[in-house]
1. Limited to region 194-209, what total is found for residues that are under 13 Å from residue 146 (Cβ atoms) and free of Cβ contacts under 8 Å to residues at least 40 places away in the same chain?
2. Taking region 35-50 only, how many residues are surrounded by fewer than 18 Cβ atoms within 10 Å (Cβ to Cβ) and at pLDDT 70 or above?
3. Do we find a residue being surrounded by 13 or more Cβ atoms within 10 Å (Cβ to Cβ), modelled with pLDDT of 85 or more and part of a loop (DSSP other than H, G, I, E, B) anywhere in region 187-202?
4. Within region 177-198, how many residues turn out to be touching a strand residue (DSSP E or B) at 6+ places or on another chain (Cβ under 9 Å) and under 23 Å from residue 137 (Cα atoms)?
5. Answer yes or no: is there a residue in region 130-147 that is modelled with pLDDT under 80 and buried (at least 20 other Cβ atoms within 10 Å of the Cβ).
6. Could you check, for region 77-85, whether at least one of its residues is closer than 23 Å to residue 107 by Cβ, at pLDDT below 75 and surrounded by 13 or more Cβ atoms within 10 Å (Cβ to Cβ)?
7. Against the conditions (1) at pLDDT below 85; (2) surrounded by 19 or more Cβ atoms within 10 Å (Cβ to Cβ), where does residue 94 fall short? Just the number, please.
8. If we keep just the residues of region 156-174 that are surrounded by 12 or more Cβ atoms within 10 Å (Cβ to Cβ) and assigned to a strand (DSSP E or B), which is modelled with the highest pLDDT?
């Protein structure tokens, strides 16, 4: 075995084999497609975000199984969010519970994002599972930015035109829509940020989306080139 291939093999052994990102993708699609419908169901609209995100986590946590430490961290986050969701449904929504839920959800998304991005940018894997993971990272970025905007609304640090401010998490599907429109730099204009902080986050999200696509393509090309060189020298 040549030196580059041996280094990659040792790195994979040290960090664990990549997770199955089909679970993560399935959870993300269920969440993103289910949120608009769940928000319209009577008595469920306010809790639709938490319900669908819990479904997402139940599927996504299996994508962390490649590393015992990360799997345990993901399982702990799932348990904490389930607990907060139970308190929220039993005792009613509150600003503190909404903030804690959002922070834990963002932490879980960051953990999933790290696992998926590691395959291309660190391990340099080029297969279908790694490509699915790269797509999941893009979806996770949009979801996390929507959570950032939700935090701003809860703290009254920003507003948006085109969004009727209801209860704290009731407008989350609209924020998800705005987040992905901004991430993809479409700029429809039907929802617009108001205030310096929200506008700053909006253009930073656009820059992040474009930068990620450029880096992802470069990473895939580099990984494919390394793989080709490895195959040629064997």
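The values are calculated or read from the model by the stated rules, or taken from the named source; none is laboratory data. Just so you know, these numbers come straight off a predicted model, no measurement behind them. Cβ coordinates were reconstructed from backbone atoms using ideal geometry, including for glycine residues, and neighbour counts include every protein chain displayed.
1. Looking only at that region, the number is 1.
2. 2
3. There is at least one residue in region 187-202 that is surrounded by 13 or more Cβ atoms within 10 Å (Cβ to Cβ), modelled with pLDDT of 85 or more and part of a loop (DSSP other than H, G, I, E, B).
4. Going through region 177-198 one residue at a time, the tally reaches 3.
5. Yes: region 130-147 contains one or more residues that are modelled with pLDDT under 80 and buried (at least 20 other Cβ atoms within 10 Å of the Cβ).
6. Within region 77-85, one or more residues are closer than 23 Å to residue 107 by Cβ, at pLDDT below 75 and surrounded by 13 or more Cβ atoms within 10 Å (Cβ to Cβ).
7. For residue 94, the exception is condition (2).
8. 160
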